[in-house]
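Participant: If you scroll down you'll find the structure; I have some questions about it.
The values are calculated or read from the model by the stated rules, or taken from the named source; none is laboratory data. Remember, predicted model here, so these are calculated numbers, not experimental data. Every residue, glycine as well, gets a Cβ built from its backbone with ideal geometry; the counts of neighbours run over all protein chains shown.
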């Protein structure tokens, strides 16, 4: 898998990650996570810093796209979804369980729910990346980028 294809799939994955993350954590489950917060105080920002949030989601999309495209050669939605879910589960286990064990940011219910949400979201992202790899979308985008570079 060439670098251009990985970047296109990663950016699409990052955009999907941002949208699903915002939908899940800022809208659908916001009250749930507030109710399952730990004893730590003053850790939630009143005004979210969007640039780091966007960069973080794009990085996750690129990370999944690299693993699925370069190391695993995933090229279908179902393979991408299964691999993305596994990577998301292992990644969220790592971060969430260490955070739970060392801080008071969330209780066990909040921690386990966050792990479940990130597993599902990563599965969807992985599926979309696998689907992108199986279609000509990436090739069309790359051709348009190359054409725009030739014009300038």
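Participant: Of all residues being assigned to a helix (DSSP H, G or I) and loosely packed, with under 15 Cβ neighbours inside 10 Å in the stretch 106-137, which is nearest to the chain's Cα centre (by Cα)? Just the residue, please.
Facilitator: 116
Participant: Kindly indicate whether residue 101 is at pLDDT 95 or above and within 14 Å of the chain's Cα centre (by Cα).
Facilitator: No: the conditions fail for residue 101.
Participant: Output the number of residues of the stretch 73-105 satisfying the condition of being in contact (Cβ under 8 Å) with a residue 40 or more places away in the chain and either in contact with a strand residue (DSSP E or B) (Cβ under 6 Å, 6 or more places away or on another chain) or part of a helix (DSSP H, G or I) (or both).
Facilitator: 9
Participant: Same structure, new question: Please count how many residues of the stretch 1-52 are over 23 Å from residue 85 (Cα atoms), assigned to a helix (DSSP H, G or I) and in contact with a helix residue (DSSP H, G or I) (Cβ under 6 Å, 6 or more places away or on another chain).
Facilitator: 1
Participant: Let me ask something else about it. Pick from the stretch 2-17 the residues that are within 9 Å of residue 132 (Cβ to Cβ) and more than 14 Å from the chain's Cα centre (by Cα): which of them is surrounded by the fewest Cβ atoms within 10 Å (Cβ to Cβ)?
Facilitator: Result: 5.
Participant: Name the single residue, out of those in the stretch 56-72 being part of a helix (DSSP H, G or I) and free of Cβ contacts under 8 Å to residues at least 24 places away in the same chain, that is surrounded by the most Cβ atoms within 10 Å (Cβ to Cβ). Before you say what the answer is, go through the steps one by one.
Facilitator: Of all residues in the stretch 56-72, those part of a helix (DSSP H, G or I) come to 56-71.
Then drop every residue that is not free of Cβ contacts under 8 Å to residues at least 24 places away in the same chain, which leaves 56, 67, 71.
Working: 56: 14, 67: 17, 71: 10.
Out of the qualifying residues, it is 67.
Participant: Please enumerate the residues belonging to the stretch 81-105 that are buried (at least 17 other Cβ atoms within 10 Å of the Cβ) and under 30 Å from residue 6 (Cβ atoms).
Facilitator: 81, 83, 84, 85, 87, 88, 89, 91, 92, 96
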